[in-house]
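FYI, it's all coordinate maths here, none of it is from the lab. The model shown is predicted, which means the values in this text are computed figures rather than measured ones. Cβ placement follows ideal geometry from the backbone for every residue including glycine, while neighbour counts extend to all protein chains displayed.
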Amino acid sequence: MLELKDICFERDNKKILDHINLVLDTSKFYVITGPNGSGKSTLAKIIMGIEKPDSGKIILNGEDITDKTIDERAKLGIGFAFQQPVQFKGITVYDLLKLATKKEISKHEACTILSKVGLCALEYVDREVNKSLSGGELKRIEIASVMARNPYIAIFDEPEAGIDLWSFQNLTEVFKEIQASSSGTTIVISHQERILNIADEIILMNSGTIQKVGEKEEIFDHIFKPKKCCKEVSAR
Amino acid sequence: MNQEDKELLSEIIEDDPTKADSYNIRKNGKGIDRKVNPNIDIVPKEENSGIDIYVKEDTLFGTVNIPVIITESGLKDVVYNDFHIGKNANIIIVAGCGITNNGHKDARHDGIHRFYLEEGARVKYIERHCGLGVGEGKKVLNPVTEIHMKKGSYMVMDTTQTKGVDDTNRITKASLDSDTTLVITEKILTSNDQVAKTEFEVELNGENASTHVTSRSVATDDSYQEFTSNIIGNTKCYAHVECDAIIKENGKVKAVPEIYAKNIDANLIHEAAIGKIAGEQLLKLMSLGLSEKEAEEVIINGFLK
Ligand SMILES: Nc1ncnc2c1ncn2[C@@H]1O[C@H](COP(=O)(O)OP(=O)(O)OP(=O)(O)O)[C@@H](O)[C@H]1O
Ligand SMILES: [Mg+2]
């Protein structure tokens, strides 16, 4: 179980996360959604330890991990697929997957991991993780590097971004599998209805706060409920 | 050659150099072992001042190993090696110098390598430099490489200096005729108070000559590196120079790029980037469970691979 207690994060006089309280159950599949700039990625980075909250606590299975470093959290089973995949020089896809799994996996095993994100064939394992790969390819490798670790708490930041419709369908299947079989917590930041459909619970964020946590119907009602200002406009 | 020599040798050439088609091993200023074959001849110059290597035209898949080792403190070894590569010959040359200096005097090797590529010749030249030993005497390496490429020839030059060289002054000069390609990749890692200076001068004289020069350097501790390139395009040609450096601690890197187009159809590009390890690369690797130190190592090893 992962608990976020009263997390605040402010930069440039702007409240990016404003008193976030959240309890995430083990073995549930969560989707965080909300407008651009609402603080979704920042929240994910705070869970991974990439950003430190100004105040508040992060509790993993009763243990306070607020002051733990990124690698300590990784070792506790937290994994995070970046919204913008990181590029390297001289590090191949195979190298990255070996680092991720912490094992001398064979190229065949590396291919099996890659095929989950729709990158089949050996041609990818020896490619460098650099700008010679397309945006979608980099994104899939990023996702694979997290899936390969099979984390206890897995966070994927907009996995669908830059991925074509056909592959996205397959990716949705992979997430469905995770939803059905994973014993840990999965958190996917997404705007895609297909992903929202899989969620056990949806977390709706807006301007640094959590607006609502609930099942799809409730959230959709909340999002599409006509707002006051719109009524005023239509009344005129 | 004793065991220590063999170990030093293995730092610059992975496989046993005596397994190659032809080789010349030089230790402390003298040739100590040599093998030639009908296609590749190695002729010593007078007074141990170097060798001439003749590769017959149309030689296919030849290899030459010419390592140099120095184990004597205080030795200053100057050597001239000239490579005459015949028409359409295809050859791999592995050179390099390893110095073990356990004494208090400087040990120095100046290798002057001249390459003459005839029409259509193809050369892959690999050079490794390293220093070992615990003495306070410096390990100094000053290689000069001169490359003359005739029409349609092709050369790849791959040089690496990974550790233990206190002072280096590298000069690489090339002149390219038409339809030639020269690809240079240089990797230098300096630490402590080491100094490495490297200078490239490439003249593109023939139509459709092209060159790619890539320099990857890592300067750590108090070390200093200087990269100078001077590419001159005299005709319709293409050049791409890339200087990419990572600095750590008090490491300093200076890049002085110069490209000079003297013809409207010369297309010359220079890119230089110096900076510390990208923060996001560290963050990504740490999120996979590597400590900051491990992550740094992985990034630097990849960068210099
Ligand atoms: N270190 C920082 N310094 C200043 N502003 C920041 C910093 N990190 C995030 N922000 C700002 O905080 C807000 C939330 O950013 P965040 O990336 O979390 O949004 P998001 O919900 O993931 O948006 P998107 O849907 O576009 O990915 C944005 O306005 C962003 O510009
Ligand atoms: Mg985001």
Looking only at the stretch B:264-273, and only at residues there that are away from every other protein chain (no Cβ under 14 Å) and not polar (S, T, N, Q), the one that is farthest from the chain's Cα centre (by Cα): B:I264
Residues that are of a type in the set (G, A, S) and either touching a Lys or Arg at 6+ places or on another chain (Cβ under 7 Å) or within 7 Å of chain A (Cβ to nearest Cβ) (or both), drawn from the stretch B:280-305: B:S287, B:G289, B:S291, B:G302
Hits in the stretch A:173-189 - residues which are under 11 Å from A:V117 (Cα atoms) and either surrounded by fewer than 18 Cβ atoms within 10 Å (Cβ to Cβ) or within 16 Å of ligand 2 (Cβ to nearest atom) (or both): A:E173, A:V174
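I want to confirm something. Restricting to the stretch A:79-95 and keeping residues that are among the aliphatic types (A, V, I, L, M) and facing chain B (nearest Cβ under 8 Å), which single residue is surrounded by the fewest Cβ atoms within 10 Å (Cβ to Cβ)?
A:V86
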Selection status of A:E158, within 16 Å of ligand 2 (Cβ to nearest atom), away from every other protein chain (no Cβ under 12 Å), charged (D, E, K, R) and closer than 28 Å to A:L60 by Cα: yes
Residue that is nearest to ligand 1 (Cβ to nearest atom), among those in the stretch A:1-40 that are among the small types (G, A, S) and surrounded by fewer than 21 Cβ atoms within 10 Å (Cβ to Cβ): A:G37
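Scanning the stretch A:150-171 for residues that are over 14 Å from the mean Cα position of the chain (by Cα) and either more than 16 Å from ligand 1 (Cβ to nearest atom) or not small (G, A, S) (or both), which turns out farthest from A:I46 (Cα to Cα)?
If we take residues in the stretch A:150-171 being over 14 Å from the mean Cα position of the chain (by Cα) and either more than 16 Å from ligand 1 (Cβ to nearest atom) or not small (G, A, S) (or both), then A:W166 is farthest from A:I46 (Cα to Cα).
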Flag if B:I274 is within 30 Å of A:F80 (Cβ to Cβ), in contact (Cβ under 8 Å) with a residue 12 or more places away in the chain and surrounded by fewer than 21 Cβ atoms within 10 Å (Cβ to Cβ): yes
Residues of the stretch A:48-71 satisfying the condition of being closer than 30 Å to A:T172 by Cα, within 14 Å of chain B (Cβ to nearest Cβ) and either away from ligand 1 (no atom under 12 Å from the Cβ) or crowded, with 20+ Cβ neighbours inside 10 Å (or both): A:M48, A:G49, A:I50, A:I70, A:D71
Top-ranked residue in the stretch B:27-76 [being assigned to a loop (DSSP other than H, G, I, E, B) and among the hydrophobic types (A, V, I, L, M, F, W, C); ranked as nearest to B:G111 (Cα to Cα)]: B:L75
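Has the stretch A:124-138 got at least one residue that is touching a residue at least 60 places away in the same chain (Cβ under 8 Å) and closer than 20 Å to A:F80 by Cβ?
Taking every residue of the stretch A:124-138 in turn, none turns out to be touching a residue at least 60 places away in the same chain (Cβ under 8 Å) and closer than 20 Å to A:F80 by Cβ.
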Which numbered condition A:E109 misses (of (1) within 14 Å of chain B (Cβ to nearest Cβ); (2) farther than 24 Å from B:K293 by Cβ): (1)
Filter pass, B:T228 being more than 8 Å from chain A (Cβ to nearest Cβ) and either under 23 Å from B:G206 (Cβ atoms) or touching a Lys or Arg at 6+ places or on another chain (Cβ under 7 Å) (or both): no
Elements of type helices (runs of 4 or more DSSP H) contained in the stretch A:1-112, each with 1 or more residues being within 16 Å of ligand 2 (Cβ to nearest atom): A:40-48
Meets criteria (surrounded by 15 or more Cβ atoms within 10 Å (Cβ to Cβ) and in contact with an Asp or Glu (Cβ under 7 Å, 6 or more places away or on another chain)) for B:G62: yes
Answer from B:V218, B:V213, B:V123, B:V183 - the residue that is among the aliphatic types (A, V, I, L, M), on the phi < 0 side of the Ramachandran plot and surrounded by fewer than 22 Cβ atoms within 10 Å (Cβ to Cβ): B:V183
Meets criteria (buried (at least 16 other Cβ atoms within 10 Å of the Cβ), more than 9 Å from chain A (Cβ to nearest Cβ) and in contact (Cβ under 8 Å) with a residue 40 or more places away in the chain) for B:A261: no
Exclusive hit being surrounded by 17 or more Cβ atoms within 10 Å (Cβ to Cβ) and more than 10 Å from every other protein chain (Cβ to nearest Cβ), set A:V146, A:V117: A:V117
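Can you confirm whether A:K45 is of a type outside the set (G, A, S), surrounded by fewer than 19 Cβ atoms within 10 Å (Cβ to Cβ) and out of contact with any Lys or Arg (no Cβ under 6 Å at 6 or more places or on another chain)? Talk me through it step by step, then tell me what you get.
On the way: of a type outside the set (G, A, S): yes; surrounded by fewer than 19 Cβ atoms within 10 Å (Cβ to Cβ): no; out of contact with any Lys or Arg (no Cβ under 6 Å at 6 or more places or on another chain): yes.
Here the answer is no, as A:K45 does not meet what is asked.
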Test: residue in the stretch B:206-215 that is under 30 Å from B:N88 (Cα atoms), hydroxyl-bearing (S, T, Y) and within 14 Å of another protein chain (Cβ to nearest Cβ): yes
